[in-house]
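Heads up, the thing below is written out as structure tokens.
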Amino acid sequence: MNKPQQEFLNHLQFVRNYSLRTIESYKKDIDKFCLFIFNEGVLLDQVDLICIRNFLTEELNKGVSKRSCKRRISSLKHFYKYMLNVGYIQENPFLFINSPKVEKKFPRVLYKEQIEEIFAYNAQRTDELKVRDQAILYLLYYSGIRAHELVTLDVQSISLKDRVVRVMGKGSKERIVPFTAECQNVLKDYLSNERTKLLRRAKNPKDLSPALFLNANGKRLTTRGLEHILDRIEEKTGLYVGLHPHILRHSFATHLLENGADLRVIQELLGHESINATQVYTHVSEKSMKETYLSSHPRAVKGKK
């Protein structure tokens, strides 16, 4: 890793307060570009428009998606802006580069009836991890938190009395998110019974974890472990709906919007820095409204035949 890159990554971590995951994404994007210009015999301060376009062409020819290329260009724009500000380069060649146009993809959501069916079928399970899994499902849907945010929660992050969860989001920004009385009851059941049993499975007393959600070995759940749990829920319930942490988050936001919640409130609940990230749910809601209209209005149904 070169000196400007290391300084830039330190700047992201200690000045901009970016998460380690975000910093790692920046590092991979910059490493990719640095390897390319090294093979081309070009130094960081010698990069020009032709070099950048050749890099993009090579990436696209390798099968890298336009979405990934757009992210890499964004990372490199920030990197070169930093180098310009601290005097490593005289001009930023990325200012004149347009990222590849990416087709807008709207998040996939579940209908309210599907959510209720998942809750009901999962509640019928008889295995010992049922209560934990139900608590995970409820908290993901009723709070809309991200997978990483859920697995980093500690017991003290939850206030059952006030029905709120203290979440550490992207950029180490903390927010308070409420949850329902129904979610409160499920969490109370999990904390009083199943979590205690899971905690006893820790082999070493020093391994006793403050984590809210534990795996079968009594250790803190990971994001990969969470995805595996949701896959197993589908297998155990027989409901295959593509269950994923983000689909529950998307459903949370869309259902709030459909029930009249203000977009700014949804932005705060989701922890979005920009309202633009939240506005995508207005398109999802409009699509759902149109589908409902076409399937329900007598003249619309007649016209489809």
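Please work out the C-alpha center-to-center distance from the range 1-57 to the range 158-177 and express it in whole Å.
34
Restrict the search to the range 110-171; then list the trypsin sites (Lys or Arg not before Pro) that DSSP places in a loop and that have at most 10 other Cβ atoms within 10 Å of their Cβ.
Details: sites: LYS112, ARG125, LYS130, ARG132, ARG146, LYS161, ARG163, ARG166, LYS170; in loops: ARG125, ARG146, LYS161, ARG163.
Of the trypsin sites (Lys or Arg not before Pro), the ones in loops of the range 110-171 whose Cβ has at most 10 other Cβ atoms within 10 Å are LYS161.
Using the alpha carbons of the chain, what is the convex hull volume per residue in cubic angstrom, as a whole number?
Taking the convex hull of the Cα positions in the chain, it is 198 Å³ per residue.
Within the range 149-178, name every residue whose backbone N is under 11 Å away from a label modeled 7 Å from Cα of ASN259 along the Cβ vector.
none
Nearest 10 degrees, 0 to 90: what angle lies between the long axis of helix 130-143 and the longest principal axis of the chain (Cα atoms)?
60
Please give the length that would be gained between SER274 and THR22 if that part of the chain were fully extended, namely 0.36 nm times their separation in residues minus their C-alpha to C-alpha distance (nm, one decimal). Don't jump to the answer; show the numbers that get you there.
Details: separation 252, 0.36 × 252 = 90.72 nm, distance 1.66 nm.
Here the answer is 89.1 nm.
Under 8 Å for C-alpha pairs, at least 6 residues apart: give me the relative contact order for the chain, rounded to a whole percent. Working shown, then result.
Working: 324 pairs, mean separation 49.4, N = 305.
Worked out over the chain, it gives 16 percent.
Relative to the present Cα-Cα distance, how much length would full extension add between LYS173 and ARG224 at 0.36 nm per residue of separation? Walk me through the numbers before you get to the answer.
Values: separation 51, 0.36 × 51 = 18.36 nm, distance 2.30 nm.
Net length gain for the segment: 16.1 nm.
Could you work out the mean projected area of the convex hull around the alpha carbons of the range 73-174, in square nanometres to one decimal? Mind showing how you got there, number by number?
Values: hull surface 45.3 nm².
The Cα convex hull of the range 73-174, projected and averaged over all directions, gives 11.3 nm².
On a 0 to 90° scale, report how tilted helix 223-237 is relative to the longest principal axis of the chain, with both axes built from alpha carbons and the result rounded to the nearest 10.
40
So what is the relative contact order for the range 112-243, in percent, with contacts set as C-alpha pairs under 8 Å and at least six apart?
Relative contact order here is 26 percent.
With a sphere of radius 13 Å drawn around the Cβ of SER143, what net charge do the other residues whose Cβ falls strictly inside it have (Lys, Arg +1; Asp, Glu -1)?
+2
Under 5 Å between amide hydrogens, which residues at least 5 positions from TYR18 or on another chain qualify, with H placed 1.01 Å from N in the peptide plane?
GLN13
Between SER68 and ARG232, what is the FRET efficiency for a Förster distance of 35 Å, r being their Cβ-Cβ separation, to the nearest 0.05?
0.75
Which value, in Å³ per residue, describes the convex hull spanned by the Cα atoms of the range 148-196?
Considering the Cα atoms of the range 148-196, their hull volume per residue is 76 Å³.
Read-outs: derived from the displayed coordinates by stated rules, not from any lab. Just so we're clear, the structure is a prediction, and the values are computed from it rather than from any experiment. Don't worry about glycine lacking a Cβ; one is built from the backbone with ideal geometry, like all the others, and counts go over all protein chains shown.
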